[in-house]
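Read through the structure below, which is laid out as C-alpha coordinates, and then see the notes.
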Amino acid sequence: MTDTLQQLLRERADADATAIKYGDRTWTWREHVAEASAQAASLVAMAAPGRPLHVGALLGNTPDMLTALAAAALGGYVLCGVNTTRRGDALARDVARVDVQILLTDANHRHLLDGLELPGVTVIDVSTDEWADRVAHAPELVPHREVAADDTFMMIFTSGTSGEPKAVEVPHAMVLFAGTALVERYGLDASDVCYLAMPLFHSNAVYAGWSVALGAGAAMAPATFSASRFLPDVRRYGATYMNYVGKPLAYILATAEQSDDVDNPLRIAFGNEAADRDIEEFGRRFGCTVWDGFGSTETAVIITRPEDCPTGSIGKGFPGVAIYDPETVRECEVARFDETGALLNADAATGELVNTQGSGLFRGYYNDQGATDQRMRHGMYWSGDLAYRDADGWIYLAGRTADWMRVDGENLTTAPIERILLRLAVISRVAVYPVPDEYVGDQVMAAVVLRDDATLSPHEFAEFLAAQRDLSPKAWPRFVWLAEDLPSTATNKILKRELVALGTDATGRVLWKRDGTAFHVLEGLAVQE
(Lines give C-alpha, C1' and ligand atoms only; values in the text may rest on other atoms or scores of the structure.)
Protein backbone atom coordinates (compact mmCIF):
# COMPACT_ATOMS: atom_id res chain seq x y z
CA MET A 1 0.00 0.00 0.00
CA THR A 2 1.29 3.44 -0.95
CA ASP A 3 1.06 5.87 1.97
CA THR A 4 3.26 8.76 0.81
CA LEU A 5 4.15 10.71 -2.30
CA GLN A 6 7.74 9.63 -1.70
CA GLN A 7 6.74 5.99 -2.18
CA LEU A 8 4.54 6.72 -5.19
CA LEU A 9 7.28 8.60 -7.06
CA ARG A 10 9.72 5.76 -6.41
CA GLU A 11 7.19 3.47 -8.11
CA ARG A 12 7.30 5.75 -11.16
CA ALA A 13 11.13 5.70 -11.36
CA ASP A 14 11.32 2.90 -13.95
CA ALA A 15 8.30 3.92 -16.06
CA ASP A 16 8.93 4.95 -19.66
CA ALA A 17 5.47 6.48 -20.17
CA THR A 18 5.44 10.21 -20.82
CA ALA A 19 5.49 12.33 -17.67
CA ILE A 20 5.79 15.91 -19.01
CA LYS A 21 4.87 17.66 -22.23
CA TYR A 22 6.09 21.23 -22.52
CA GLY A 23 6.52 23.08 -25.77
CA ASP A 24 8.27 20.67 -28.14
CA ARG A 25 9.90 18.64 -25.36
CA THR A 26 8.80 15.55 -23.50
CA TRP A 27 10.15 13.71 -20.45
CA THR A 28 9.43 10.14 -19.39
CA TRP A 29 8.64 9.34 -15.78
CA ARG A 30 12.06 7.67 -15.59
CA GLU A 31 13.75 10.90 -16.68
CA HIS A 32 11.57 13.12 -14.52
CA VAL A 33 12.12 11.13 -11.34
CA ALA A 34 15.87 10.99 -12.01
CA GLU A 35 16.05 14.79 -12.40
CA ALA A 36 13.96 15.33 -9.28
CA SER A 37 16.12 12.90 -7.29
CA ALA A 38 19.26 14.75 -8.37
CA GLN A 39 17.78 18.09 -7.36
CA ALA A 40 16.69 16.71 -4.01
CA ALA A 41 20.16 15.28 -3.38
CA SER A 42 21.75 18.65 -4.19
CA LEU A 43 19.45 20.55 -1.84
CA VAL A 44 19.76 18.05 1.01
CA ALA A 45 23.55 18.25 0.70
CA MET A 46 23.64 22.05 0.94
CA ALA A 47 21.03 22.44 3.70
CA ALA A 48 22.11 23.94 7.00
CA PRO A 49 21.83 21.46 9.89
CA GLY A 50 19.68 22.41 12.81
CA ARG A 51 17.16 24.32 10.68
CA PRO A 52 13.89 23.08 9.17
CA LEU A 53 14.53 22.02 5.59
CA HIS A 54 11.90 24.21 4.00
CA VAL A 55 12.50 24.89 0.30
CA GLY A 56 10.57 27.75 -1.28
CA ALA A 57 9.49 27.66 -4.93
CA LEU A 58 9.03 31.02 -6.66
CA LEU A 59 8.39 29.47 -10.05
CA GLY A 60 5.78 29.49 -12.78
CA ASN A 61 3.90 26.56 -14.33
CA THR A 62 6.94 24.97 -15.96
CA PRO A 63 8.84 21.67 -15.78
CA ASP A 64 11.05 23.34 -13.15
CA MET A 65 8.05 23.62 -10.79
CA LEU A 66 7.10 20.00 -11.45
CA THR A 67 10.68 19.01 -10.63
CA ALA A 68 10.55 21.03 -7.40
CA LEU A 69 7.36 19.23 -6.34
CA ALA A 70 8.71 15.77 -7.10
CA ALA A 71 12.08 16.55 -5.52
CA ALA A 72 10.45 17.61 -2.25
CA ALA A 73 8.43 14.40 -2.12
CA LEU A 74 11.45 12.21 -2.89
CA GLY A 75 13.79 14.17 -0.65
CA GLY A 76 11.48 14.12 2.34
CA TYR A 77 11.63 17.87 2.95
CA VAL A 78 8.91 20.53 2.87
CA LEU A 79 8.20 22.55 -0.27
CA CYS A 80 6.76 26.04 0.26
CA GLY A 81 4.72 27.34 -2.67
CA VAL A 82 5.36 31.07 -3.10
CA ASN A 83 2.68 33.14 -4.83
CA THR A 84 4.25 34.67 -7.94
CA THR A 85 1.84 37.63 -7.86
CA ARG A 86 3.02 38.85 -4.43
CA ARG A 87 5.38 41.81 -4.42
CA GLY A 88 7.80 43.65 -2.15
CA ASP A 89 7.39 43.36 1.60
CA ALA A 90 4.39 41.02 1.22
CA LEU A 91 6.53 38.56 -0.72
CA ALA A 92 9.33 38.80 1.85
CA ARG A 93 6.81 38.21 4.67
CA ASP A 94 5.53 35.06 2.99
CA VAL A 95 9.04 33.66 2.63
CA ALA A 96 9.85 34.47 6.26
CA ARG A 97 6.51 33.16 7.58
CA VAL A 98 7.25 29.60 6.44
CA ASP A 99 10.94 29.63 7.48
CA VAL A 100 12.30 29.14 3.98
CA GLN A 101 15.94 28.07 4.08
CA ILE A 102 16.50 27.70 0.31
CA LEU A 103 14.45 29.59 -2.28
CA LEU A 104 14.24 28.27 -5.85
CA THR A 105 13.46 30.76 -8.59
CA ASP A 106 14.21 31.27 -12.28
CA ALA A 107 15.08 33.96 -14.79
CA ASN A 108 11.43 35.01 -15.14
CA HIS A 109 10.94 35.59 -11.41
CA ARG A 110 14.39 36.43 -10.03
CA HIS A 111 13.76 40.18 -10.37
CA LEU A 112 10.88 39.95 -7.87
CA LEU A 113 13.48 39.46 -5.15
CA ASP A 114 15.50 42.58 -6.02
CA GLY A 115 15.90 44.81 -2.97
CA LEU A 116 14.17 42.41 -0.58
CA GLU A 117 15.57 41.57 2.83
CA LEU A 118 15.67 37.75 3.04
CA PRO A 119 17.91 36.97 6.04
CA GLY A 120 19.07 33.37 6.22
CA VAL A 121 17.67 32.48 2.79
CA THR A 122 19.86 31.00 0.05
CA VAL A 123 18.46 31.94 -3.37
CA ILE A 124 19.04 29.55 -6.28
CA ASP A 125 18.22 30.37 -9.89
CA VAL A 126 17.39 26.95 -11.33
CA SER A 127 17.59 28.29 -14.90
CA THR A 128 21.36 28.89 -14.74
CA ASP A 129 24.09 26.65 -16.16
CA GLU A 130 25.75 26.70 -12.75
CA TRP A 131 22.77 25.04 -11.10
CA ALA A 132 22.35 22.56 -13.96
CA ASP A 133 25.98 21.52 -13.55
CA ARG A 134 25.59 21.11 -9.80
CA VAL A 135 22.55 18.90 -10.23
CA ALA A 136 24.30 16.87 -12.94
CA HIS A 137 27.05 16.01 -10.43
CA ALA A 138 24.77 15.44 -7.46
CA PRO A 139 25.48 12.53 -5.13
CA GLU A 140 23.05 9.66 -4.83
CA LEU A 141 19.96 10.77 -2.96
CA VAL A 142 19.83 10.05 0.74
CA PRO A 143 16.47 11.57 1.76
CA HIS A 144 16.32 14.17 4.47
CA ARG A 145 13.78 11.81 6.00
CA GLU A 146 11.71 8.75 5.21
CA VAL A 147 8.34 10.39 5.50
CA ALA A 148 5.15 9.10 7.08
CA ALA A 149 1.65 9.74 5.75
CA ASP A 150 0.96 12.55 8.21
CA ASP A 151 4.26 14.37 7.63
CA THR A 152 4.04 17.74 5.92
CA PHE A 153 4.72 17.63 2.19
CA MET A 154 4.01 21.27 1.37
CA MET A 155 3.13 24.65 2.78
CA ILE A 156 0.37 26.14 0.64
CA PHE A 157 -0.85 29.67 1.19
CA THR A 158 -4.56 30.39 1.15
CA SER A 159 -5.82 32.67 -1.60
CA GLY A 160 -6.07 35.73 0.63
CA THR A 161 -9.55 36.79 -0.51
CA SER A 162 -10.59 37.72 3.04
CA GLY A 163 -7.27 38.80 4.54
CA GLU A 164 -3.57 38.06 4.52
CA PRO A 165 -2.73 34.61 3.10
CA LYS A 166 -2.08 31.90 5.69
CA ALA A 167 0.23 28.91 5.21
CA VAL A 168 -1.57 25.58 5.45
CA GLU A 169 0.50 22.54 6.43
CA VAL A 170 -0.44 19.93 3.82
CA PRO A 171 0.42 16.31 4.68
CA HIS A 172 1.42 13.65 2.15
CA ALA A 173 -1.81 11.80 2.93
CA MET A 174 -3.97 14.74 1.87
CA VAL A 175 -2.43 15.01 -1.58
CA LEU A 176 -2.57 11.25 -2.08
CA PHE A 177 -6.20 11.10 -0.92
CA ALA A 178 -7.27 13.83 -3.35
CA GLY A 179 -5.43 12.41 -6.33
CA THR A 180 -6.44 8.81 -5.77
CA ALA A 181 -10.12 9.70 -5.40
CA LEU A 182 -10.15 11.61 -8.70
CA VAL A 183 -8.17 8.96 -10.59
CA GLU A 184 -10.64 6.30 -9.50
CA ARG A 185 -13.71 8.43 -10.11
CA TYR A 186 -12.77 9.34 -13.68
CA GLY A 187 -10.91 6.18 -14.68
CA LEU A 188 -7.65 7.93 -15.52
CA ASP A 189 -4.46 6.05 -16.43
CA ALA A 190 -1.09 6.44 -18.15
CA SER A 191 -2.76 7.13 -21.50
CA ASP A 192 -4.24 10.40 -20.20
CA VAL A 193 -2.77 13.90 -20.35
CA CYS A 194 -3.47 16.35 -17.54
CA TYR A 195 -3.53 20.03 -18.52
CA LEU A 196 -2.15 22.01 -15.56
CA ALA A 197 -2.93 25.69 -16.12
CA MET A 198 -3.80 26.69 -12.55
CA PRO A 199 -0.90 28.03 -10.43
CA LEU A 200 1.12 25.10 -9.12
CA PHE A 201 1.87 26.93 -5.87
CA HIS A 202 -1.82 26.63 -4.94
CA SER A 203 -3.90 23.81 -3.54
CA ASN A 204 -6.24 23.30 -6.51
CA ALA A 205 -3.35 22.57 -8.88
CA VAL A 206 -1.65 20.29 -6.36
CA TYR A 207 -4.75 18.38 -5.18
CA ALA A 208 -6.72 18.25 -8.43
CA GLY A 209 -3.96 18.44 -11.04
CA TRP A 210 -0.46 17.31 -10.09
CA SER A 211 -1.61 14.57 -7.71
CA VAL A 212 -4.02 13.22 -10.32
CA ALA A 213 -1.29 12.86 -12.94
CA LEU A 214 1.06 11.32 -10.38
CA GLY A 215 -1.59 8.85 -9.20
CA ALA A 216 -2.56 7.80 -12.72
CA GLY A 217 0.96 7.82 -14.14
CA ALA A 218 -0.44 10.23 -16.73
CA ALA A 219 1.41 12.96 -18.60
CA MET A 220 1.44 16.53 -17.30
CA ALA A 221 1.21 19.57 -19.58
CA PRO A 222 2.03 22.63 -17.43
CA ALA A 223 0.91 26.00 -18.80
CA THR A 224 0.04 29.53 -17.77
CA PHE A 225 -3.70 30.01 -18.06
CA SER A 226 -4.92 31.93 -21.09
CA ALA A 227 -8.48 31.86 -22.41
CA SER A 228 -7.28 32.26 -26.00
CA ARG A 229 -4.57 29.58 -25.73
CA PHE A 230 -6.71 27.05 -23.89
CA LEU A 231 -8.10 25.15 -26.88
CA PRO A 232 -4.88 25.23 -28.96
CA ASP A 233 -3.01 23.86 -25.92
CA VAL A 234 -5.57 21.09 -25.34
CA ARG A 235 -5.24 20.02 -28.96
CA ARG A 236 -1.45 20.35 -29.07
CA TYR A 237 -0.81 18.24 -25.99
CA GLY A 238 -3.75 15.87 -26.41
CA ALA A 239 -5.11 16.89 -23.01
CA THR A 240 -7.89 14.65 -21.72
CA TYR A 241 -8.23 16.10 -18.19
CA MET A 242 -8.00 19.61 -16.76
CA ASN A 243 -8.46 21.22 -13.36
CA TYR A 244 -9.68 24.75 -12.62
CA VAL A 245 -10.51 27.03 -9.74
CA GLY A 246 -12.48 30.28 -9.75
CA LYS A 247 -13.56 31.79 -13.05
CA PRO A 248 -11.49 30.16 -15.87
CA LEU A 249 -14.54 28.54 -17.47
CA ALA A 250 -16.22 31.95 -17.66
CA TYR A 251 -13.10 33.49 -19.23
CA ILE A 252 -12.93 30.76 -21.85
CA LEU A 253 -16.65 30.95 -22.62
CA ALA A 254 -16.35 34.71 -23.12
CA THR A 255 -14.28 34.03 -26.27
CA ALA A 256 -16.08 33.68 -29.58
CA GLU A 257 -17.47 30.20 -30.17
CA GLN A 258 -16.22 28.34 -33.25
CA SER A 259 -18.04 25.55 -35.07
CA ASP A 260 -15.22 23.07 -34.41
CA ASP A 261 -14.70 23.80 -30.68
CA VAL A 262 -16.04 20.34 -29.88
CA ASP A 263 -13.22 18.78 -31.94
CA ASN A 264 -10.74 18.23 -29.11
CA PRO A 265 -9.57 15.35 -26.86
CA LEU A 266 -10.75 16.80 -23.50
CA ARG A 267 -12.94 14.39 -21.51
CA ILE A 268 -13.03 15.72 -17.96
CA ALA A 269 -12.83 19.18 -16.38
CA PHE A 270 -12.78 19.16 -12.58
CA GLY A 271 -12.68 22.17 -10.29
CA ASN A 272 -14.35 24.55 -7.87
CA GLU A 273 -16.54 27.63 -7.97
CA ALA A 274 -17.86 27.59 -11.54
CA ALA A 275 -21.40 28.86 -12.10
CA ASP A 276 -24.01 26.26 -13.06
CA ARG A 277 -24.60 28.06 -16.34
CA ASP A 278 -20.88 27.90 -17.19
CA ILE A 279 -20.65 24.23 -16.22
CA GLU A 280 -23.42 23.30 -18.66
CA GLU A 281 -22.21 25.58 -21.45
CA PHE A 282 -18.56 24.49 -21.21
CA GLY A 283 -19.54 20.83 -21.39
CA ARG A 284 -21.73 21.43 -24.44
CA ARG A 285 -19.25 23.63 -26.30
CA PHE A 286 -16.17 21.47 -25.78
CA GLY A 287 -17.80 18.05 -25.63
CA CYS A 288 -16.57 17.12 -22.16
CA THR A 289 -17.97 16.44 -18.70
CA VAL A 290 -17.51 19.18 -16.10
CA TRP A 291 -17.50 18.22 -12.42
CA ASP A 292 -17.55 21.13 -10.01
CA GLY A 293 -17.14 20.57 -6.30
CA PHE A 294 -16.44 22.41 -3.08
CA GLY A 295 -12.85 22.68 -1.97
CA SER A 296 -10.47 24.69 0.18
CA THR A 297 -6.78 24.55 0.93
CA GLU A 298 -7.51 23.37 4.46
CA THR A 299 -9.65 20.37 3.31
CA ALA A 300 -11.37 20.09 6.68
CA VAL A 301 -14.86 20.25 5.16
CA ILE A 302 -15.36 17.78 2.33
CA ILE A 303 -18.44 17.99 0.09
CA THR A 304 -19.01 15.87 -3.00
CA ARG A 305 -21.30 16.58 -5.93
CA PRO A 306 -23.02 13.44 -7.31
CA GLU A 307 -24.69 13.24 -10.69
CA ASP A 308 -28.17 13.94 -9.32
CA CYS A 309 -27.08 17.18 -7.61
CA PRO A 310 -29.75 19.89 -8.07
CA THR A 311 -28.94 23.16 -9.79
CA GLY A 312 -27.23 25.63 -7.48
CA SER A 313 -26.14 23.07 -4.90
CA ILE A 314 -22.52 22.11 -4.24
CA GLY A 315 -23.54 18.62 -3.13
CA LYS A 316 -23.69 16.70 0.14
CA GLY A 317 -21.14 16.69 2.94
CA PHE A 318 -19.03 13.91 4.40
CA PRO A 319 -20.04 12.75 7.90
CA GLY A 320 -19.66 15.60 10.36
CA VAL A 321 -20.31 18.38 7.85
CA ALA A 322 -23.05 20.66 9.17
CA ILE A 323 -24.23 24.28 9.13
CA TYR A 324 -24.04 26.10 12.47
CA ASP A 325 -24.93 29.51 13.82
CA PRO A 326 -21.57 30.89 15.05
CA GLU A 327 -23.24 32.89 17.83
CA THR A 328 -25.48 30.22 19.33
CA VAL A 329 -23.19 27.33 18.30
CA ARG A 330 -26.29 25.40 17.28
CA GLU A 331 -27.18 23.76 14.00
CA CYS A 332 -29.22 25.99 11.70
CA GLU A 333 -32.74 25.25 10.59
CA VAL A 334 -33.41 23.33 7.40
CA ALA A 335 -33.94 25.74 4.50
CA ARG A 336 -37.53 26.29 3.37
CA PHE A 337 -38.49 27.67 -0.04
CA ASP A 338 -41.63 29.16 -1.58
CA GLU A 339 -43.15 28.07 -4.90
CA THR A 340 -40.70 30.26 -6.85
CA GLY A 341 -37.63 28.77 -5.17
CA ALA A 342 -36.95 31.79 -2.96
CA LEU A 343 -35.49 31.03 0.47
CA LEU A 344 -38.08 31.80 3.14
CA ASN A 345 -36.03 31.46 6.34
CA ALA A 346 -32.64 32.88 5.33
CA ASP A 347 -31.79 34.20 8.80
CA ALA A 348 -32.47 30.90 10.54
CA ALA A 349 -31.18 28.57 7.83
CA THR A 350 -27.97 30.34 6.83
CA GLY A 351 -24.88 29.67 8.89
CA GLU A 352 -21.26 28.64 8.69
CA LEU A 353 -20.09 25.34 7.22
CA VAL A 354 -18.40 23.33 9.96
CA ASN A 355 -16.91 19.93 10.59
CA THR A 356 -18.43 18.84 13.87
CA GLN A 357 -16.02 15.90 14.12
CA GLY A 358 -12.91 18.08 14.29
CA SER A 359 -10.23 19.27 11.89
CA GLY A 360 -10.36 16.45 9.35
CA LEU A 361 -7.10 16.59 7.38
CA PHE A 362 -6.39 20.18 8.44
CA ARG A 363 -3.11 20.33 10.37
CA GLY A 364 -3.16 24.03 11.16
CA TYR A 365 -1.62 27.22 9.81
CA TYR A 366 2.15 27.30 10.13
CA ASN A 367 3.47 29.93 12.54
CA ASP A 368 -0.05 31.28 13.12
CA GLN A 369 -1.64 29.78 16.22
CA GLY A 370 -4.17 32.61 16.44
CA ALA A 371 -5.57 31.88 12.98
CA THR A 372 -5.58 28.15 13.70
CA ASP A 373 -7.51 28.72 16.93
CA GLN A 374 -10.01 30.89 15.04
CA ARG A 375 -10.72 27.96 12.73
CA MET A 376 -10.90 25.42 15.57
CA ARG A 377 -13.56 26.55 18.03
CA HIS A 378 -15.81 24.50 20.32
CA GLY A 379 -14.06 21.34 19.12
CA MET A 380 -15.18 21.97 15.53
CA TYR A 381 -13.62 23.35 12.37
CA TRP A 382 -15.26 26.59 11.18
CA SER A 383 -14.73 27.14 7.45
CA GLY A 384 -15.67 30.79 7.07
CA ASP A 385 -18.10 29.78 4.29
CA LEU A 386 -21.79 30.58 4.64
CA ALA A 387 -24.33 28.03 3.44
CA TYR A 388 -27.78 26.57 3.94
CA ARG A 389 -29.09 23.02 3.55
CA ASP A 390 -32.45 21.77 2.29
CA ALA A 391 -34.56 18.94 3.69
CA ASP A 392 -32.83 16.39 1.46
CA GLY A 393 -29.36 17.38 2.67
CA TRP A 394 -28.27 19.35 -0.41
CA ILE A 395 -25.95 22.22 0.53
CA TYR A 396 -26.00 25.67 -1.12
CA LEU A 397 -23.23 28.22 -0.67
CA ALA A 398 -24.24 31.71 0.47
CA GLY A 399 -20.83 33.42 0.40
CA ARG A 400 -18.08 34.05 2.93
CA THR A 401 -18.73 35.21 6.48
CA ALA A 402 -17.72 38.70 5.34
CA ASP A 403 -20.51 38.60 2.71
CA TRP A 404 -23.38 39.16 5.13
CA MET A 405 -25.36 42.30 4.29
CA ARG A 406 -27.95 44.03 6.45
CA VAL A 407 -30.43 45.64 4.03
CA ASP A 408 -33.50 47.43 5.40
CA GLY A 409 -33.35 45.30 8.54
CA GLU A 410 -33.03 42.00 6.65
CA ASN A 411 -29.94 39.78 6.51
CA LEU A 412 -28.86 38.87 2.97
CA THR A 413 -25.91 36.95 1.56
CA THR A 414 -24.21 37.49 -1.77
CA ALA A 415 -23.91 34.08 -3.45
CA PRO A 416 -27.66 33.49 -4.05
CA ILE A 417 -27.92 36.94 -5.68
CA GLU A 418 -24.90 36.23 -7.87
CA ARG A 419 -26.40 32.94 -9.04
CA ILE A 420 -29.57 34.75 -10.11
CA LEU A 421 -27.72 37.56 -11.93
CA LEU A 422 -25.77 34.99 -13.94
CA ARG A 423 -29.04 33.89 -15.52
CA LEU A 424 -28.69 37.00 -17.69
CA ALA A 425 -26.86 35.63 -20.72
CA VAL A 426 -24.87 38.79 -21.52
CA ILE A 427 -23.15 38.72 -18.11
CA SER A 428 -19.85 36.81 -18.06
CA ARG A 429 -18.82 37.38 -14.42
CA VAL A 430 -20.41 39.08 -11.45
CA ALA A 431 -19.56 40.02 -7.88
CA VAL A 432 -22.15 41.17 -5.35
CA TYR A 433 -20.98 42.96 -2.22
CA PRO A 434 -22.19 45.44 0.42
CA VAL A 435 -21.64 49.19 0.40
CA PRO A 436 -22.68 51.40 3.34
CA ASP A 437 -26.20 52.77 3.39
CA GLU A 438 -26.26 56.52 4.05
CA TYR A 439 -28.50 55.98 7.08
CA VAL A 440 -27.97 52.51 8.53
CA GLY A 441 -26.83 49.08 7.39
CA ASP A 442 -25.86 48.22 3.82
CA GLN A 443 -26.91 48.58 0.24
CA VAL A 444 -26.37 45.90 -2.40
CA MET A 445 -23.83 46.62 -5.14
CA ALA A 446 -23.01 44.45 -8.16
CA ALA A 447 -19.95 44.62 -10.39
CA VAL A 448 -20.63 42.89 -13.70
CA VAL A 449 -18.40 42.02 -16.63
CA LEU A 450 -20.24 41.52 -19.91
CA ARG A 451 -19.41 38.90 -22.51
CA ASP A 452 -17.27 40.09 -25.42
CA ASP A 453 -19.19 42.54 -27.65
CA ALA A 454 -22.33 42.28 -25.48
CA THR A 455 -24.34 45.31 -24.34
CA LEU A 456 -26.73 45.95 -21.49
CA SER A 457 -28.89 48.99 -20.78
CA PRO A 458 -30.28 50.08 -17.40
CA HIS A 459 -33.79 49.41 -18.65
CA GLU A 460 -32.94 45.88 -19.83
CA PHE A 461 -31.33 45.12 -16.48
CA ALA A 462 -34.35 46.37 -14.55
CA GLU A 463 -36.68 44.26 -16.71
CA PHE A 464 -34.53 41.20 -16.05
CA LEU A 465 -34.61 41.74 -12.27
CA ALA A 466 -38.38 42.19 -12.29
CA ALA A 467 -38.78 38.83 -14.05
CA GLN A 468 -36.85 36.89 -11.39
CA ARG A 469 -39.61 35.70 -9.10
CA ASP A 470 -37.19 34.23 -6.54
CA LEU A 471 -35.25 37.50 -6.10
CA SER A 472 -36.41 39.53 -3.13
CA PRO A 473 -36.88 43.26 -3.89
CA LYS A 474 -34.40 43.95 -1.08
CA ALA A 475 -31.79 41.91 -2.99
CA TRP A 476 -32.01 44.11 -6.08
CA PRO A 477 -28.66 45.91 -6.48
CA ARG A 478 -28.86 49.59 -5.57
CA PHE A 479 -25.64 50.21 -7.52
CA VAL A 480 -24.29 48.47 -10.62
CA TRP A 481 -20.78 48.87 -12.04
CA LEU A 482 -20.21 47.76 -15.64
CA ALA A 483 -16.57 46.76 -15.28
CA GLU A 484 -13.99 45.77 -17.86
CA ASP A 485 -12.61 43.20 -15.42
CA LEU A 486 -12.70 42.37 -11.70
CA PRO A 487 -9.74 42.33 -9.31
CA SER A 488 -8.80 38.76 -8.54
CA THR A 489 -6.18 36.58 -6.93
CA ALA A 490 -3.69 34.42 -8.82
CA THR A 491 -6.21 31.62 -8.37
CA ASN A 492 -9.00 33.52 -10.14
CA LYS A 493 -10.96 34.36 -7.01
CA ILE A 494 -12.53 37.83 -6.93
CA LEU A 495 -11.11 40.21 -4.35
CA LYS A 496 -14.30 41.71 -2.97
CA ARG A 497 -12.48 43.80 -0.38
CA GLU A 498 -10.98 45.82 -3.23
CA LEU A 499 -14.44 46.30 -4.74
CA VAL A 500 -15.81 47.42 -1.37
CA ALA A 501 -12.94 49.90 -1.04
CA LEU A 502 -13.90 51.53 -4.36
CA GLY A 503 -17.28 52.43 -2.90
CA THR A 504 -19.86 54.14 -5.11
CA ASP A 505 -17.67 56.83 -6.64
CA ALA A 506 -18.57 56.92 -10.36
CA THR A 507 -15.45 58.79 -11.47
CA GLY A 508 -13.93 57.07 -14.48
CA ARG A 509 -16.34 54.17 -14.62
CA VAL A 510 -19.83 53.27 -15.82
CA LEU A 511 -22.01 53.22 -12.71
CA TRP A 512 -25.78 52.95 -12.38
CA LYS A 513 -27.93 53.75 -9.36
CA ARG A 514 -31.42 52.42 -8.75
CA ASP A 515 -34.30 54.58 -7.60
CA GLY A 516 -37.37 52.46 -7.09
CA THR A 517 -37.25 49.92 -9.90
CA ALA A 518 -35.45 52.11 -12.46
CA PHE A 519 -31.70 52.51 -12.91
CA HIS A 520 -30.02 55.69 -14.09
CA VAL A 521 -26.42 56.52 -14.97
CA LEU A 522 -24.44 58.35 -12.32
CA GLU A 523 -22.50 61.49 -13.24
CA GLY A 524 -23.48 61.32 -16.90
CA LEU A 525 -21.08 58.58 -17.99
CA ALA A 526 -22.00 57.33 -21.45
CA VAL A 527 -23.85 54.04 -21.73
CA GLN A 528 -26.02 52.46 -24.40
CA GLU A 529 -29.69 53.12 -23.68
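The values are calculated or read from the model by the stated rules, or taken from the named source; none is laboratory data. Predicted model only: the values in this text are computed from it and were never measured. A quick note on method: Cβ atoms are made from the backbone with ideal geometry, for glycine too, and the neighbour counts reach across all protein chains shown.
Numbers at a glance
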read-out: Within region 127-166, tally of residues that are among the charged types (D, E, K, R) and under 18 Å from L79 (Cα atoms); value: 5
read-out: Some residue of region 166-188 being in contact with a His (Cβ under 6 Å, 6 or more places away or on another chain) and touching a residue at least 24 places away in the same chain (Cβ under 8 Å); value: no
read-out: Residue match in region 446-460 (condition: out of contact with any strand residue (DSSP E or B) (no Cβ under 7 Å at 6 or more places or on another chain), of a type in the set (V, I, T) and at pLDDT below 90); value: no
read-out: Strands (runs of 3 or more DSSP E) fully within region 306-401 counting 2 or more residues that are hydroxyl-bearing (S, T, Y); value: 380-389
read-out: Members of region 99-117 found to be part of a loop (DSSP other than H, G, I, E, B) and either within 16 Å of T84 (Cβ to Cβ) or among the β-branched types (V, I, T) (or both), listed by number; value: V100, D106, A107, N108, H109, D114, L116
read-out: Members of region 180-211 that are over 16 Å from the mean Cα position of the chain (by Cα) and either charged (D, E, K, R) or in a helix (DSSP H, G or I) (or both); value: T180, A181, L182, V183, E184, R185, Y186, D189, D192
read-out: Matching option when the condition is buried (at least 24 other Cβ atoms within 10 Å of the Cβ) and either over 23 Å from L196 (Cα atoms) or not hydroxyl-bearing (S, T, Y) (or both), among L66, L8; value: L66
read-out: Residue that is surrounded by the fewest Cβ atoms within 10 Å (Cβ to Cβ), among those in region 100-141 that are among the acidic types (D, E) and touching a residue at least 40 places away in the same chain (Cβ under 8 Å); value: E140
read-out: Only one of T84, T158 that is within 22 Å of M220 (Cβ to Cβ), modelled with pLDDT under 95, touching a Phe, Trp or Tyr at 6+ places or on another chain (Cβ under 9 Å) and of a type in the set (V, I, T); value: T84
read-out: Any pair with Cβ under 7 angstrom, 6 or more apart, that starts in region 415-436 at a residue that is within 20 Å of V500 (Cβ to Cβ) and ends at one that is hydroxyl-bearing (S, T, Y) and buried (at least 23 other Cβ atoms within 10 Å of the Cβ); value: V432/T414; Y433/T414
read-out: Subset tally (residues that are under 29 Å from the mean Cα position of the chain (by Cα) and not in a helix (DSSP H, G or I)) for region 25-79; value: 19
read-out: Residue within region 13-21 that is part of a helix (DSSP H, G or I) and either under 21 Å from Y195 (Cβ atoms) or among the aliphatic types (A, V, I, L, M) (or both) present; value: no
read-out: Members of region 316-360 found to be among the charged types (D, E, K, R) and touching a helix residue (DSSP H, G or I) at 6+ places or on another chain (Cβ under 8 Å), listed by number; value: E333, R336, E352
read-out: Which numbered condition L486 fails, given (1) more than 24 Å from E164 (Cβ to Cβ); (2) under 30 Å from the mean Cα position of the chain (by Cα); (3) touching a residue at least 12 places away in the same chain (Cβ under 8 Å); (4) part of a loop (DSSP other than H, G, I, E, B); value: (1)
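Yes/no per residue for (1) touching a His at 6+ places or on another chain (Cβ under 6 Å); (2) hydrophobic (A, V, I, L, M, F, W, C); (3) not in a strand (DSSP E or B):
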| residue | (1), (2), (3) |
| --- | --- |
| R236 | no, no, yes |
| A239 | no, yes, yes |
| M242 | no, yes, no |
| L266 | no, yes, yes |
| I279 | no, yes, yes |
